[in-house]
Amino acid sequence: MNKVAKESDLSLYGFVNEVFELTLRANKLGVNLQTLTDSRELLKDARENGYTLGLESLWYEMADLAYAKAKNKALHAWFDAGVWLAKRYVTGETADPFEAFNKDLKDFTWNVPELDVKKTADRVSVRIVSPRFPESYTLLFTSFLEGALETFGYKIGSKEVSRGIICLEAVMG
Amino acid sequence: MSKGKDKRLVYIPGNLVEEVKEISRRRGESLSLFVSEVLMLALRANSLGYSPKQAAEFLEIMQAQRNLGGAFVPTDVLTYLNSKACGTEEDQLQTKWYESGKWHGKYINEKFEDPVQAFKKFLEATRWDLSEVEVRQNQNTVKFRCISTLLTGKATELLAKFIEGAMYSMGYQTDKSDALKGMILLHFKR
């Protein structure tokens, strides 16, 4: 710690004081210092895995406009994005590509209150509940998931989609 | 401070100790264990390139981003949504980005003591497609310079609109706006 303090042009006393102040600021925000490393890791993963961070409301409004103008093109673009992202996992060196995709999907949908992906031997079920999703975004996100699931070798068996709710059942085939 | 037997004495202002003591009590940990954990996390943050002050700023930015409704979107999808291919009128898109920036700026303006610097840090932390964000701030003027090797021409223009919207909410008017593919040059005056 002495070394780190010196590198930052601080005395040990000054460094420890700054750390204490940081702890109090984090506490006021309702987080702890672990959040720092977690957030940093999340941003790094998002960058490496082809995601962009922005405002949810802007994404929804843009999706709404695109869906209204050219529904099929928009659905196709989201499907292709699902295919592309899933291919990264399938062709990568991860031991369990689907599990890695599932984990990242959960991490990168921090704005979605309920996201449940269950995988058995040859089936996958996905259930998403997000009251803030407008209808267009719900349908586009479904298309994204379909693209990803098909890339993992699944065929969509059943699909129930309504504004803010996505339920998909897929079978390996 | 570590699990080892070697222990050191560091003087800390009493008021800080009292507040930290209170946090550790609420978490059900002894002060000594809590302080050791905190210092270890601070060393980890340091290894990630954050001094305690920078770590605090990053935490505030990330928390603000969550409160504002930050969400991830696949980059390919965003590229499509920004492009002509999706059929959306250019001025409609620009208005959406400008309005979104205004909303963002309003929040930052209320929340941070130095909103312009906070906004710069927000761009640095969350827009990883920007390789450089430079802000020169004088009493009544602010100059923004953002560089990216990844942004398309359209995406550059829309991000510029977002910044203009945010600055408007902080009380600045656009004096000069220049957005070329991968380069944003904006001048604002109060």
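Quick note: the coordinates plus some simple rules give every number you see, no bench work behind them. Since this is a predicted model, take the numbers as computed values, not measurements. Every residue, glycine among them, receives a Cβ derived from its backbone with ideal geometry; neighbour counts consider all protein chains shown.
Annotation for region B:130-159 versus region B:1-70: alpha-carbon center distance of 33 Å. Between the helical axis of A:12-29 and the longest alpha-carbon principal axis of chain A there is an angle of about 40 degrees. So how tilted is helix A:135-151 from the main axis of chain A? Cα-based, degrees 0 to 90, rounded to 10. Once rounded, the angle reads 90 degrees.
In loop segments of region B:111-190 as defined by DSSP, the GluC sites (Glu not before Pro) with at most 11 further C-beta atoms inside 10 Å of their C-beta are B:GLU113. Give me the percent of Cα-Cα pairs in region B:77-189 that sit more than 20 Å apart, rounded to a whole number. I get 36 percent for the Cα pairs in region B:77-189 exceeding 20 Å.
Mean partner shielding of peptide A:42-54, defined as the number of other chain Cβ atoms within 10 Å of each residue Cβ, is 6. In terms of overall dimensions, the C-alpha atoms belonging to region A:110-173 reach 33, 18, 18 Å along their principal axes, ordered largest to smallest. Take A:19-25, B:143-149 and order them by the average number of nearby Cβ atoms within 10 Å per residue, most first; the result is A:19-25, B:143-149. Taking B:ARG26, B:ARG44, B:ARG136 in turn, the Gaussian network model of chain B (Cα-Cα springs below 10 Å) assigns the largest fluctuation to B:ARG26.
Taking the Kirkwood radius as Rh and the Cα radius of gyration as Rg, region A:57-101 has a ratio of Rg/Rh equal to 1.18. Computed over region A:66-172, the P(r) tail beyond 23 angstrom holds 21 percent of alpha carbon pairs. Take the Cα radius of gyration of region A:1-135 and divide it by 2.2 N^0.38 Å, N being the number of residues; the result is 1.46. Pairwise inverse Cα distances across the protein assembly as shown, averaged and inverted, put the Kirkwood hydrodynamic radius at 22.6 Å. In plain terms, the chain from B:MET40 to B:LYS7 could stretch by 10.4 nm, reckoned as 0.36 nm per residue minus the Cα-Cα distance. Taking 0.36 nm per residue of separation and subtracting the current Cα-Cα distance, fully stretching the chain between A:SER158 and A:LYS6 would add 48.6 nm. With the gyration tensor restricted to C-alpha atoms of chain B, the semi-axes of the equivalent ellipsoid amount to 41, 19, 15 Å, longest first. Taking every DSSP helix (H) stretch of at least 4 residues in the protein assembly as shown, weighting each as -39,500 (n - 2.57) and dividing the sum by the residue count yields a mean residue ellipticity at 222 nm of -18500 deg cm²/dmol.
Close amide H pairs (under 5 Å, H built 1.01 Å from N) link A:TYR51 with B:THR75, residues at least 5 positions away or on another chain. With respect to chain B, whose longest principal axis is taken over its alpha-carbon atoms, helix B:153-169 is tilted by about 70°. Could you work out how far the C-alpha centroid of region A:82-154 sits from that of region A:66-81, in angstrom? Measuring centre to centre over Cα atoms gives 18 Å.
A viscosity of 1.567 mPa s and a temperature of 4 °C, combined with the Kirkwood radius over C-alpha pairs in the Stokes-Einstein formula, give region B:65-124 a diffusion coefficient of 98 µm²/s.
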